[in-house]
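Everything below concerns the one structure shown next.
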Amino acid sequence: MNEVLELDSVDVYNQLFGLETLHPLVSVVDLNQATRGIEVMTMRYGVYALYLKMEKACAIKYGRQNYDYQEGTIVCFAPGQVTETTRTVDRIQTDVYGILFHPDLLQGTSLGKNMKKYTFFSYEVNEALHLSETEQQIVMDCLRIIRMELEHGVDKHSQRLIATHIELLLGYCMRFYERQFVTRSKANRDVLTRFEMLLDEYFEGEHAEQNGLPSVKYFAGELCLSPNYFGDMLKKETGRTPQEYIQEKVIELAKDRISDTEDTVSRIAYSLGFQYPQHLCRLFKKRVGCTPNEYRAQMNA
């Protein structure tokens, strides 16, 4: 692996590509204006970054996976993520636009309060956002407005106005991602079917008892998706979060075993991956409205 470049400020990125820094915490980039660059680079992001790639001029790898993008595609990165980028064209300037902003910009702003809802910054692999021409123009318009504000110079209004325009851009991206979930409905249903199969397999035999209750991260990994993308996709398809889906499966299995076996509630709890039986009892009461023993009595009445 190449030496990891610590991208802890927007100025580091701008110096890397020979771009001008107009604000210490945020930069709108246009790689058509780049005057330098590196063929292969590995970066650890300390800033948020969103790129609109109008041509496939480089290959981006996050972890072991390559990003699934083409012309007119958005990819996003959050602080802490490490990416490897390999230029695939024989020139420095490329048709790529974007914005980078430091977490310090968020302090005391509406964007800072709402940043967690923009989960697409943690879509780790293969989940780029593919835009229509109209959507591309909207993103470009947002970037242009932010650039104009940066060129205005820093004053007491700058942080709030810039953060507001970034929040508008991210709001549009959220809308576009929701549209993409709809257009990928068939593929999403296939993922849902695989998820249900993985759930069944997990609770067969002694896997759950030996390894505990499965996590959302476990299933996302098995499906080669990031946890956030998996959660957002499942919520869009079913109206339920992965955690709710897993809990429903656990309760369904618990009800079957309470009804069809003479195993104690404790034994059933351990077989389903609970570390403590009372955790099953608490979840069962919350979801079913009665305790496991009360449910068994009703079934045997």
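Things worth noting here:
- Restricting the stretch 127-160 to residues that are open to solvent by 30 Å² or more (accessible area, probe 1.4 Å) and hydrophobic (A, V, I, L, M, F, W, C) leaves a set whose member that is nearest to Y51 (Cα to Cα) is M140.
- Condition check for Q93: surrounded by 15 or more Cβ atoms within 10 Å (Cβ to Cβ), more than 26 Å from the chain's Cα centre (by Cα) and either at pLDDT 80 or above or not in a loop (DSSP other than H, G, I, E, B) (or both): yes
- For beta carbons closer than 6 Å, sequence separation of 6+ or different chains, a first residue in the stretch 124-139 that is under 9 Å from I74 (Cβ atoms) and part of a loop (DSSP other than H, G, I, E, B) and a second that is of a type in the set (V, I, T) and at pLDDT below 95, the qualifying pairs are A128/T73; A128/V75.
- Residues within the stretch 29-51 that are β-branched (V, I, T) and open to solvent by 20 Å² or more (accessible area, probe 1.4 Å), tallied: 3
- Checked against the criteria, R257 counts as free of Cβ contacts under 8 Å to residues at least 40 places away in the same chain and open to solvent by 50 Å² or more (accessible area, probe 1.4 Å).
- Which listed residue, of D256, D200, D232, is under 19 Å from the mean Cα position of the chain (by Cα) and either outside any helix (DSSP H, G or I) or not polar (S, T, N, Q) (or both): D232
- Once the stretch 96-123 is narrowed to residues that are assigned to a strand (DSSP E or B) and hydrophobic (A, V, I, L, M, F, W, C), the residue that is farthest from the chain's Cα centre (by Cα) is V96.
- Count of the stretch 19-37 residues which are without any contact (Cβ under 8 Å) to a residue 40 or more places away in the chain and either among the aliphatic types (A, V, I, L, M) or farther than 19 Å from P79 by Cβ (or both): 2
- Sole residue being in a helix (DSSP H, G or I), small (G, A, S) and surrounded by fewer than 14 Cβ atoms within 10 Å (Cβ to Cβ), chosen from A163, A208, A187, A220: A187
- Residues being part of a helix (DSSP H, G or I), surrounded by fewer than 11 Cβ atoms within 10 Å (Cβ to Cβ) and modelled with pLDDT of 90 or more - total across the stretch 282-301: 1
- Screening G239 with (1) closer than 27 Å to S122 by Cβ; (2) touching a residue at least 24 places away in the same chain (Cβ under 8 Å) gives one miss only, at (2).
- On the stretch given as the stretch 71-90, residues that are modelled with pLDDT under 80 and within 12 Å of Y51 (Cα to Cα) total 1.
- Residue within the stretch 223-237 that is surrounded by fewer than 15 Cβ atoms within 10 Å (Cβ to Cβ) and either charged (D, E, K, R) or closer than 22 Å to N300 by Cα (or both) present: no
The values are calculated or read from the model by the stated rules, or taken from the named source; none is laboratory data. As the structure is a computational prediction, the values presented were derived from the model and not from experiment. Positions of Cβ are backbone-derived with ideal geometry, glycine not excepted, and every protein chain shown enters the neighbour counts. Each accessible area value is taken on the protein alone, full model and side chains, heavy atoms only, with ligands, DNA and RNA left out. Shrake-Rupley method; radii C 1.70, N 1.55, O 1.52, S 1.80 Å.
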